[in-house]
1. What residue, among those in segment C:188-198 that are within 13 Å of the chain's Cα centre (by Cα), among the hydrophobic types (A, V, I, L, M, F, W, C) and facing chain B (nearest Cβ under 7 Å), is surrounded by the most Cβ atoms within 10 Å (Cβ to Cβ)?
2. Being within 16 Å of A:Gly227 (Cα to Cα) and either within 13 Å of another protein chain (Cβ to nearest Cβ) or exposed (fewer than 15 other Cβ atoms within 10 Å of the Cβ) (or both) is the filter here; which residues of segment A:63-86 pass it?
3. Working carefully through the options C:Leu87, C:Leu111, find the one that is closer than 21 Å to B:Leu19 by Cα and within 14 Å of chain B (Cβ to nearest Cβ).
4. For segment B:117-205, please list each of the helices (runs of 4 or more DSSP H) lying entirely inside it that holds at least 1 residues being more than 12 Å from B:Gly70 (Cβ to Cβ) and more than 14 Å from chain A (Cβ to nearest Cβ).
5. Checking the conditions here, which among C:Ala154, C:Ala231, C:Ala186 is touching a helix residue (DSSP H, G or I) at 6+ places or on another chain (Cβ under 8 Å) and either modelled with pLDDT of 90 or more or closer than 23 Å to C:Ser143 by Cα (or both)?
6. Could you grab me the full set of residues in segment C:90-103 that are surrounded by fewer than 18 Cβ atoms within 10 Å (Cβ to Cβ) and either more than 7 Å from every other protein chain (Cβ to nearest Cβ) or among the aromatic types (Phe, Trp, Tyr) (or both)?
7. Output the residues belonging to segment C:213-241 that are more than 20 Å from the chain's Cα centre (by Cα) and away from chain B (no Cβ under 11 Å).
8. So which residues in segment A:87-96 are at pLDDT below 90 and either in contact with a Lys or Arg (Cβ under 7 Å, 6 or more places away or on another chain) or crowded, with 24+ Cβ neighbours inside 10 Å (or both)?
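The values are calculated or read from the model by the stated rules, or taken from the named source; none is laboratory data. Values in this document were obtained by computation on a predicted structure and should not be read as measured data. Glycine also receives a Cβ, built like all others from the backbone with ideal geometry; neighbour counts cover every protein chain displayed.
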Amino acid sequence: MTSIALRKDTPSAQLEKSQIAFSHVTLDLGGKTIIENVSLDVKPGEFLCIIGASGCGKTTALRLAAGLYQPTSGNVSFDGEPMRAPRRDVAIVFQDYGKALLPWRTAAGNVALALETIGMPKAQRPARIDELLKKVGLPHHAAKYPAEMSGGMQQRLQIARCLAQEPKALLMDEPFGALDAMTRQGLQDEVLSLLDASKATVIFVTHDLEEAIYLGDRVVGLLPHPGRIGIDLKINLPRPRDQLTTRENPEFLRLRRELFDFIKASEA
Amino acid sequence: MNWTLTLWRLASFAVAAGLIALWQLIANLKLASPVFLPGPDRAWAALMRGFSNGTLLEKTIGTLEHMFYGWLVASVVGIALGAMIGSSRAMRSYVAPSLEFLRPLPVSAIIPVAIALFGLTQGMALFVIAFGAIWPMLLATVHGFGAVEPRLYEVARSLHMSRLAVIFKIALPSASPDIISGMRLSLTVSLILAVVCEILAGLDGLGHWVLLSARAFRSPDLFAGVILLGAIGYVTALAMSLVEQRLLRWRTSGH
Amino acid sequence: MRSERLKAAILPMSLLIVLEIWARSVDIHSDALAPPSAVVLALFQAFGDGSILAATRDTLASAFAGLAVGGAIGLFLGIALGIFQPLDRLMEVTIESLRPIPSIALLPIALIALGFGYRMEIVIVAFACVWPILILSRAAVRSIEPRLIEVSRALRLSPGDRISKIIIPAALPRIFLAFRLAAGIALIVAVTVEIAINPIGLGAGIMIAQQALRPDLMLAYLLWIGLIGYALNAGLLAAQQHLFGPAALAGEVR
């Protein structure tokens, strides 16, 4: 028993145990191969970013991890169990926040949806809703409907609903893709600090190379037609990250160059 | 801004008053036979008389009851059936085409069948009104369930929501704009069919009242009845749009 | 595509078969139900003696005459109110207080003024058809691209030319939609008037069949009325799509 407890803390043991694992995953949709023979291990607490040219299957890979798609061959597992359907402890942040929120519920109501389904007693919900909305920076907007909120606020709200699931893993599909640059940078930092507190594993799909490097512990680049892994980079930048100093770090610039060349080569 | 609107509104009332005055003039000059065109003064007097002795109030309540019960049955059955059909893809492809085929059927044609089944009774009226009023709601519910944003179903799947929770928390609210407009349309249909059933079956209500008044050439009473039927149509539509505004607040509220 | 059609046919087909078998096996003597085969037979007989054709002619003639009269009034008012905002505002109270009157409530008035027959039916159908066409053509005129109106000003078109060359053609797809919806209403109202009181047409035919305790003939009429309703709707829908393309259906109001 002690040896197991001990092994947990050693780095070599962590290498063996992964939270989300793809092993030789292939997916055909409508007669076309979208993803081909992808193997990928994501460790608990790791922040993995997936990048790639359009049509490389990044979003499809995320949906496989979510259990929304089932692989044609190979398998996807979570904590060692095969992923046959979506799990409540794996939350998904969709890019199109406007479609993923319930327009007929207020901000508080949207967060409540997750609390209702996890079966939290009614009396405990208001406090938890307040706490979650405060966490994502929407403490004064509980009574607003999504239609009354800006895009950035709606995306924060979707993140709050996902956090309400108390997920072990958070899957984010280009969550900031539709937002302007200023809002996007603010949200990047907020996501980093939120995750620092929750320790959830993250798979983050983006087409923005700098965003991937800035956020991730690791960046995986996919090659298109069909989607395959083309590059897998460890990001050794110090945390906490900072919009100015991190982005000026020579290592950041080197990684950006490497990924840029990768994308350019993959599109050729 | 508000001022000009109020002024226009007042002017619009003045135009309506002018037209009523014109009606009075035509009646006074006997340009149309007073047998079927009473002046507004006589129609108004008949309306007041009918209310003071309670007859018209009773008839109004009769019509409202016929209309409302039929509409209520149609709403409950229509929405439940629509949810059942709409929430399953298989049901949609097996049942929806049959419904679409029946949609353009002039619903009043079911009246003789209902008479053959139930006789000239309240039950017949209830059946006819409910049958006629069910279509807009049924089709709106099926359509609304079919048009739910697929992303919301994915949210529901990732939250592991039960089938019942998906229906009540996702599909029904999402389809509610369609359902409510169906309910509004059904309300109009209910009123028309209530009048027709009253005329045919002699059931106590304004439809029967206007017919009797016409047969006895009591045109002021007849017009009083028609005015009341118009008022019922107006008030119920108004009530429905108030309910709609309240329930669909999330939809209209923008920046 | 073919399998979808097959699926669509399964429910009505199996219902008919079950009804036929059930009716045959218990040998029903009902005033309301008849085996489907007897209904079809009654329909053919009614065609044979010409009674259902005459009734169809009467109903459709009243419905279309009412649609023409009501449509013309509704279109005229709709375009006028759409073009002249002040007029629209002035007529608002009058229109909003006449519109909710259920058309069928006018039946007794029309009856004592005009007696039984085509004329009273046409008047009631016309009243029912005015409103949808007025409302939709008014909206159609208002939603015309303002640039087109500017063009007509720049070309110095006379008011008559402006209406006939710019406004009506631009609003035509939605006006046609209004007519399609009103045609359905016209048929419904015509049949309803006939069932309620007027002794002509399909509505009277189905009532007579009911009173004569001929459920087969009554259901044959019901089937035929349903087919006419379906054909009218399908025909106008096809015409709308053919004339204005699928885009014309986008602004559908239900």
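1. Among them, the one singled out is C:Val191.
2. Selection gives A:Arg63, A:Ala65, A:Tyr69, A:Gln70, A:Thr72, A:Ser73.
3. C:Leu87
4. B:122-146, B:172-201
5. C:Ala186
6. Selection gives C:Glu96, C:Leu98, C:Arg99.
7. Residues satisfying the conditions are C:Asp216, C:Ala220.
8. Matches in segment A:87-96: A:Asp89, A:Asp96.
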